[in-house]
Amino acid sequence: MIKKPEIRSYSSLSELSLAAAEYIAELAEARIKERNIFTLVLSGGSTPRQLYEKLANQPISNRIDWQHAHLFWGDERCVPPDNPDSNFSLAFETLISRVDLPPANIHRIPATTGSPKAAAEEYEKILREFFQAVGETDSIISFPSFDLVLLGMGVDGHTASLFPGDAALGEKTSWVVAVEGTSASPPVPRITLTFPVINEAKCVLFLASGSSKLQVIQEILNNPHTVTYPAAKVQPSGKLLWFIDEGLA
Ligand code: 6PG
């Protein structure tokens, strides 16, 4: 059964980002109160910058017990972590360097560890070890369930690093795969979570802003059965939210 997303529209990216930061803080408070841990998957690109800045600002930052929050990434470009094209570097500059997050709670994708395939296998190992350690899954369980997966969407309808027509769209068993030869910018290989992992999330929150995405967003939100765009294949067992700016509604 295709799940209809909950759509919230805002007058600006700033308003959208503030609402997303408040939503995340509220969810983190609840999860940490309930289970003493909050697992958050960050997205890349430019849209989440203001969100990460707002998460690091008072009073929102104070609402999150960072000692029990764990950060992961939905995808990463195969560049060094201090490269401006790295999704990690965006999060480090805007959030990680500004909150009291234990280094052990930062689960960065080692995107330049050997080949892209080796990096994907290494990240999957990191995830399996984490979820086993927190007792969420044993080693044979099929997929982990993150508390919140943040996603963006490109103008071609890609999400994370799952691009139209790529073989990664059909991955059914691996948690993490390497994606090479895409037309994405920057033109480097990428590491990405797969749909089975994304769709196991308790909550998926898309952030989308900018009129260039209007046609694709409307197709996806008005026609949930469409499979033209990778973002439409995000059908989580948990909650599905789209925070969009009014120009896209
Ligand atoms: C990436 C992102 C990607 C991003 C979209 C939207 O590594 O590029 O994870 O999926 O979310 O491309 O990017 P913008 O926010 O820059 O429009």
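The values are calculated or read from the model by the stated rules, or taken from the named source; none is laboratory data. Predicted model only: the values in this text are computed from it and were never measured. Cβ sites come from the backbone with ideal geometry, for glycine too, and all protein chains shown count toward neighbours. Note: accessible area is taken over every heavy atom of the protein model, side chains too, but ligands, DNA and RNA are not part of it. Shrake-Rupley method; radii C 1.70, N 1.55, O 1.52, S 1.80 Å.
When the chain is treated as a GNM, springs tying every alpha-carbon pair under 10 Å, which of R77, R35, R49 comes out with the largest mean-square fluctuation?
Among R77, R35, R49, the largest GNM mean-square fluctuation belongs to R35.
Quick one: which residues, 5+ away or cross-chain, put their amide H under 5 Å from the amide H of Y10? H built at 1.01 Å from N.
Under 5 Å from the amide H of Y10 lie the amide H atoms of I244, D245, E246, each far enough along the sequence or on another chain.
Run the numbers for K125 and E34: contour at 0.36 nm per residue of separation, minus the present Cα-Cα distance, in nm.
Details: separation 91, 0.36 × 91 = 32.76 nm, distance 2.66 nm.
Working it through step by step, the gained length comes to 30.1 nm.
Averaged per residue, what accessible area in Å² does the stretch 6-248 show with a 1.4 Å probe, protein chains only? Please report the intermediate quantities before stating the final value.
On the way: 9950 Å² over 243 residues.
Normalised by residue count, the accessible surface of the stretch 6-248 is 41 Å².
Rounded to the nearest 5, what is the percent of antiparallel bridges among the DSSP beta bridges in the chain? Can you show the working numbers first?
Values: 8 of 30 bridges.
Taking every DSSP beta bridge within the chain, about 25 percent pair in antiparallel fashion.
Using only DSSP helix segments of four residues or longer, with each worth -39500 (n - 2.57), what per-residue ellipticity at 222 nm results for the chain after dividing by its residue count and rounding to 500? Mind showing how you got there, number by number?
Numbers: 7 runs with 74 residues, N = 249.
My calculation for the chain gives -9000 deg cm²/dmol from helical runs alone.
Under 10 Å, Cα contacts only: if you run a Gaussian network model on the chain, which one of A56, A91, A184 comes out with the highest mean-square fluctuation?
Looking only at A56, A91, A184, the largest GNM fluctuation is found for A184.
Each residue of the stretch 186-200 in turn: what ³J(HN,Hα) in whole Hz from Karplus with 6.51, -1.76, 1.60 and θ = phi - 60°, glycine and Pro shown as x?
Using θ = phi - 60°, the values come out as x, x, 10, x, 9, 10, 9, 5, 9, 4, x, 6, 4, 6, 7 Hz.
Of P59, L205, A167, which is farthest on the positive side of the dipole of the stretch 6-248, counting Cα position, with +1 on Lys and Arg Cβ, -1 on Asp and Glu Cβ, and the Cα centre as origin?
My answer, from the dipole projection, is L205.
Would you work out what percent of the accessible area of the stretch 81-224, with all protein chains in place, is carbon or sulfur (probe 1.4 Å)?
Values: 3170 of 5990 Å².
Summing carbon and sulfur atoms, their accessible area is 53 percent of the total for the stretch 81-224.
With springs connecting C-alpha atoms under 10 Å apart, model the chain as a Gaussian network and identify which of T173, T182, T192 has the largest mean-square fluctuation.
Residue with maximal mean-square fluctuation among T173, T182, T192: T173.
Distance check, please: which entries in K4/K213; K3/K202; K125/K233 exceed 23 angstrom between their Cα atoms? Mind showing how you got there, number by number?
On the way: K4/K213 19 Å; K3/K202 13 Å; K125/K233 25 Å.
Exceeds cut-off: K125/K233.
Can you tally the net charge around L169? Count Lys and Arg as +1, Asp and Glu as -1, for every other residue whose Cβ sits under 13 Å from the Cβ of L169.
Working: positive: K172, K233; negative: D156, D166, E171.
Local net charge: -1.
For the chain, place one equal point scatterer on every Cα, skip the solvent, and apply the Debye formula. What is log10 of I(q)/I(0) at q = 0.09, 0.14, 0.17 Å⁻¹?
Those come out to -0.34, -0.90, -1.42, one per q.
Which listed residue (I24, C78, F130) has the Cα farthest towards the positive end of the charge dipole for the chain, taking +1 on Lys and Arg C-beta and -1 on Asp and Glu C-beta about the Cα centre?
The residue sitting farthest along the positive end of the dipole is I24.
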